[in-house]
Amino acid sequence: MTSEVPGATVAVLGCGLMGSAVARALARGGHDVVVWNRSPAKAQALEAEGIRADSSVERAVAAASIVISVVRDTDALREALGAQPRLDGRTLVNLTTGSPAQAAETLTWVTERGGHYLDGVIGAFPDDIGRDHCVVYFAGPRPVYDAVEHVLRAVAGTPTFVSEDVGSASVLDVGIVGMFVMPTLVAFAEAVAYMTERGVGADVIRQTLVRDLSALRHQMSDLLTGVETGDHATDQATVQTYAHAADVFLEEVRASGSRGRLLEAAIDVFGDVRDAGLGGDGLSVIATLPAAHPGNEF
Ligand SMILES: NC(=O)c1ccc[n+]([C@@H]2O[C@H](COP(=O)([O-])OP(=O)(O)OC[C@H]3O[C@@H](n4cnc5c(N)ncnc54)[C@H](OP(=O)(O)O)[C@@H]3O)[C@@H](O)[C@H]2O)c1
């Protein structure tokens, strides 16, 4: 492959909230953009902003050297492209949310049709697209990424290549957004409900949060060090200490009539650690617990 695709025409498939933001950012970045959407009105709405719309997905793909998918899911992408799309020499950048297995399947599917494939994961909202702080992860063959990176910069201020394992961007999405950010935000919403109910206002929470987030960063870094070294000993706080405090917290939350479902989940995990005889270790020992699949429970 060449290292660049000068004057690339980029087709954006899917003009929902995210697809429209991606198309606008590409156009702002000076790229020739053609958009397609299953229901044509959303694509046509972008014409007012100087972006070309095409009601035929075949024509939009044929016109482009880079095709960016931002439809709802992998099934929608296959449905949109049809069984035998002409992808010869084109690069499909799939920003549609999917699993690592779907990324691997789509890589094979695209390669069989003569195209190149990159899996992408957007860790941002539509308003962030095109801005410096916008986080988008990519995975797949490095030469494919290198050839289109200059175009991807219009979408993600600083695009991040994760690895050549095509599922690795999706693994980050599942782990960070699915398993960490989502429960954290749900826990925060429950915590805010409890605190405001008990008379601690949003302004106080906002001030306190700045301090607490930097503590959280340190704790996350220490936890990663424990996982890297396999040394889970702590001279700061054992899981047992967290567990005792968590029991006190949950009793208070329940007594005040609030919900603390993520706190309950944490207490469940602390219980698993205690049952495994590891309560004297630090929090990083949680990462060593076996998966709770049927037949694999404690
Ligand atoms: N919004 C975010 O903050 C965000 C953040 C990260 C990742 N994402 C990911 O970006 C993707 C799009 O999200 P969105 O927020 O733009 O959702 P959205 O506003 O609901 O748009 C969904 C898009 O998918 C299209 N679509 C649905 N089913 C289809 C099908 N069977 N065939 C063809 N097109 C189909 C819709 O077309 P119609 O208009 O015809 O229904 C529309 O263009 C999702 O995978 C989402 O997880 C979104």
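Less than 11 Å Cβ to Cβ from LEU263, Lys/Arg counted +1 and Asp/Glu -1: what total charge do the surrounding residues give?
Values: positive: ARG254, ARG259, ARG261; negative: GLU190, ASP247, GLU251, GLU252, GLU264, ASP268.
Summing Lys and Arg as +1 and Asp and Glu as -1 gives -3.
Hey, in the GNM for the chain with a 10 angstrom Cα cutoff, which one of GLY178, GLY157, GLY199 fluctuates hardest?
Looking only at GLY178, GLY157, GLY199, the largest GNM fluctuation is found for GLY199.
Going by the alpha-carbon gyration tensor, a ≥ b ≥ c the square roots of its eigenvalues, is the range 204-298 rounded (a/c under 1.5) or, if a/c is not under 1.5, prolate (a/b greater than b/c) versus oblate? List each step's numbers first, then the result.
Working: a/c = 1.98, a/b = 1.18, b/c = 1.68.
Oblate, since a/c reaches 1.5 and b/c is not below a/b.
When a/c reaches 1.5 or more, the comparison of a/b and b/c decides; with that in mind, is the range 53-156 rounded, prolate or oblate per its Cα gyration tensor? Walk me through the numbers on the way to the answer.
On the way: a/c = 1.44, a/b = 1.37, b/c = 1.05.
Rounded shape, in that the Cα axes give a/c under 1.5.
Hey, can you rank 211-223, 88-100, 261-273 by average C-beta count inside 10 Å, highest first?
The most tightly packed comes first, giving 88-100, 261-273, 211-223.
Within the chain, which complete DSSP H helices have Cα atoms spanning at least 27 Å along the helix axis and a mean Kyte-Doolittle hydropathy of -1.0 or higher?
Details: long enough: 202-229 (40 Å, -0.01).
TM-like helix candidates: 202-229.
Report, in deg cm²/dmol and to the nearest 500, the calculated mean residue ellipticity at 222 nm for the chain, where each DSSP H run with n ≥ 4 adds -39500 (n - 2.57) and the sum is divided by the residue count. Walk me through the numbers on the way to the answer.
Working: 11 runs with 138 residues, N = 298.
Per the formula, -14500 deg cm²/dmol.
Which one, GLN219, GLY260, GLY199, is farthest towards the positive end of the dipole of the range 192-279 when Lys and Arg carry +1 and Asp and Glu -1 on their Cβ?
Projecting each Cα onto the dipole axis, the largest value belongs to GLY199.
For ARG38, enumerate residues with amide H under 5 Å from its amide H, sequence gap 5+ or separate chain, H modeled in the peptide plane.
HN-HN under 5 Å from ARG38: GLY14, CYS15.
Keeping every protein chain present and rolling a 1.4 Å probe, give me the accessible area per residue for the chain in Å². Could you put the intermediate results ahead of the total?
Values: 16390 Å² over 298 residues.
Here the per-residue accessible area is 55 Å².
So, counting K/R as plus one and D/E as minus one, what does the shell of residues with Cβ under 12 Å around ARG142 add up to?
Working: positive: none; negative: ASP146, GLU149, GLU164, ASP165.
Every neighbour counted, the sum reads -4.
Given the options GLU252, GLU149, GLU58, state which has the largest fluctuation in a GNM of the chain using a 10 Å cut-off (strictly under) for Cα springs.
With Cα springs under 10 Å in the chain, the top fluctuation among GLU252, GLU149, GLU58 is at GLU252.
Expressed as a whole percentage, what fraction of the accessible surface of the chain belongs to carbon and sulfur atoms when a 1.4 Å probe is rolled over the protein heavy atoms?
On the way: 9090 of 16390 Å².
Solvent-exposed carbon and sulfur of the chain make up 55 percent of the total.
The values are calculated or read from the model by the stated rules, or taken from the named source; none is laboratory data. Only a predicted model underlies this, so the values are computations on that prediction, with no experimental measurement involved. Every residue, glycine as well, gets a Cβ built from its backbone with ideal geometry; the counts of neighbours run over all protein chains shown. Heads up: the accessible areas ignore ligands, DNA and RNA and are worked out on the full protein's heavy atoms, side chains in. Shrake-Rupley method; radii C 1.70, N 1.55, O 1.52, S 1.80 Å.
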